[in-house]
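A short worksheet on the structure shown next.
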Amino acid sequence: TNEAGLLFGAAVSFILVILTYLFTDVAWPWYCIIGGVPSIVLGWASSFLFQSGKADNGHEHHPYSIPGLRAKMLAGSEPTSQDGWSLLPGKIDRASYGMIVFFFLSVGAVLLLDHLAASQGAR
């Protein structure tokens, strides 16, 4: 993601949330999904449209970008892991996958409880 893509995604998402507020009866907790998902998807996708191409042609990345920090750490003498955890920016550790599984199990449990509560209320 680059800055132009990020700003485009955020601007479109802001407009979507305002339009949702003005023209629908959607409950406010849904605003974070209505604004967040398009922001991420449009920001990522539009970054390809607004791409300068410098980093992909073999030139250096900005030193404070994730690829730039990764390259700096891999080229230098700094350690890349500590106590079993990766210090490299952008690397997902094995334990983080467990958190993703826990998230989906939690959502499934909430949906199951909602279904059970709805079936009890129907009697």
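Of all residues in segment 111-123, those being part of a helix (DSSP H, G or I), loosely packed, with under 10 Cβ neighbours inside 10 Å and hydrophobic (A, V, I, L, M, F, W, C) number 1. Of all the residues that make up segment 93-110, how many are surrounded by 10 or more Cβ atoms within 10 Å (Cβ to Cβ) and closer than 22 Å to Leu69 by Cα? Total satisfying the criteria: 2. Filtering segment 9-31 to residues that are open to solvent by less than 90 Å² (accessible area, probe 1.4 Å) and assigned to a helix (DSSP H, G or I) leaves Gly9, Ala10, Ala11, Val12, Ser13, Leu16, Val17, Ile18, Leu19, Thr20, Pro29, Tyr31. Taken over segment 64-87, the criterion of being open to solvent by less than 70 Å² (accessible area, probe 1.4 Å) and touching a strand residue (DSSP E or B) at 6+ places or on another chain (Cβ under 8 Å) is satisfied by Thr80 alone.
The values are calculated or read from the model by the stated rules, or taken from the named source; none is laboratory data. In this text the structure is predicted, and so the values were computed from the model without any measurement. FYI the Cβ positions are ideal-geometry reconstructions off the backbone, even for glycines, and counts take in every protein chain you see. Accessible surface is based on the protein model in full, side chains and every heavy atom, while ligands, DNA and RNA are left aside. Shrake-Rupley method; radii C 1.70, N 1.55, O 1.52, S 1.80 Å.
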